[in-house]
1. Residue by residue through region 149-178, note down the ones that are in a helix (DSSP H, G or I), more than 18 Å from residue 97 (Cα to Cα) and at pLDDT 90 or above.
2. Taking the condition over 21 Å from residue 50 (Cα atoms), modelled with pLDDT of 90 or more and either in a helix (DSSP H, G or I) or under 12 Å from the mean Cα position of the chain (by Cα) (or both), does residue 120 pass?
3. Evaluate the following for residue 38: is it in a helix (DSSP H, G or I), in contact with a helix residue (DSSP H, G or I) (Cβ under 9 Å, 6 or more places away or on another chain) and either free of Cβ contacts under 8 Å to residues at least 24 places away in the same chain or buried (at least 17 other Cβ atoms within 10 Å of the Cβ) (or both)?
4. Within region 197-237, take every residue that is in a helix (DSSP H, G or I) and touching a strand residue (DSSP E or B) at 6+ places or on another chain (Cβ under 9 Å) and give me the one that is surrounded by the most Cβ atoms within 10 Å (Cβ to Cβ).
5. Kindly establish whether residue 113 is outside the structural domain of residue 42 (by TED's automatic domain parsing), under 17 Å from residue 137 (Cβ atoms) and either surrounded by 18 or more Cβ atoms within 10 Å (Cβ to Cβ) or touching a helix residue (DSSP H, G or I) at 6+ places or on another chain (Cβ under 6 Å) (or both).
6. Any residue that is in contact (Cβ under 8 Å) with a residue 12 or more places away in the chain, surrounded by 11 or more Cβ atoms within 10 Å (Cβ to Cβ) and out of contact with any helix residue (DSSP H, G or I) (no Cβ under 8 Å at 6 or more places or on another chain) - is there at least one of those in region 176-190?
7. Test of understanding: among 92, 99, which residue is surrounded by fewer than 17 Cβ atoms within 10 Å (Cβ to Cβ), in a helix (DSSP H, G or I), on the phi < 0 side of the Ramachandran plot and assigned by TED's automatic domain parsing to the domain that holds residue 194?
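The values are calculated or read from the model by the stated rules, or taken from the named source; none is laboratory data. Computed from a prediction, not measured in an experiment: that's the story for all the values here. Glycine gets a Cβ as well: all are built from the backbone with ideal geometry, and neighbour counts include every protein chain shown.
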């Protein structure tokens, strides 16, 4: 039997510490990856079938993991749903902030056009399941964590308000309209166009938001000019 020498030199101890650190990092990475796989599978399942028609077994099967492993990460479907809402809206907010920080806008219509181009890409190309999930659950009254869901979605509203305030200072907006009316018009127009993007993605729309990005941008300019005609000063239209 071979007797190993004790680990007592600085080099040996450093090597052992580094090896142990790598194992911990690898284990943590594996845990994070597995959790993400489960959350992505949950997004797909909830988006396609809705919260009440999906079980953790369905999600585990789609993720390619054992049901017991899914329960190791999430002790109930409700806790998994809450984590999934935080995960998907977190990605959306992160991408929105990265986009917003790289942009400057000279007008409110210009902001809306570019924001909607960002959302069209998010809805139709980069994360279609996320918006499908949103549309599937947005009108369900007895959904768990509904307040949290809306709180996350509303986190970008201050950015809209900032652009509206800037437009007011530039003299773009009618001075005789109360601010809530303008906010309502802007948010309603934005929401309607995002739903139109989704309809086009499903093949159920008019098809004016698919294809050449520059053509889509021009269509948005026209639609936003019409949609905001009632709140903009005549000189800015």
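1. 165, 166, 167, 168, 169
2. The answer is yes for residue 120.
3. yes
4. That would be 236.
5. no
6. Yes, some residue in region 176-190 is in contact (Cβ under 8 Å) with a residue 12 or more places away in the chain, surrounded by 11 or more Cβ atoms within 10 Å (Cβ to Cβ) and out of contact with any helix residue (DSSP H, G or I) (no Cβ under 8 Å at 6 or more places or on another chain).
7. 99
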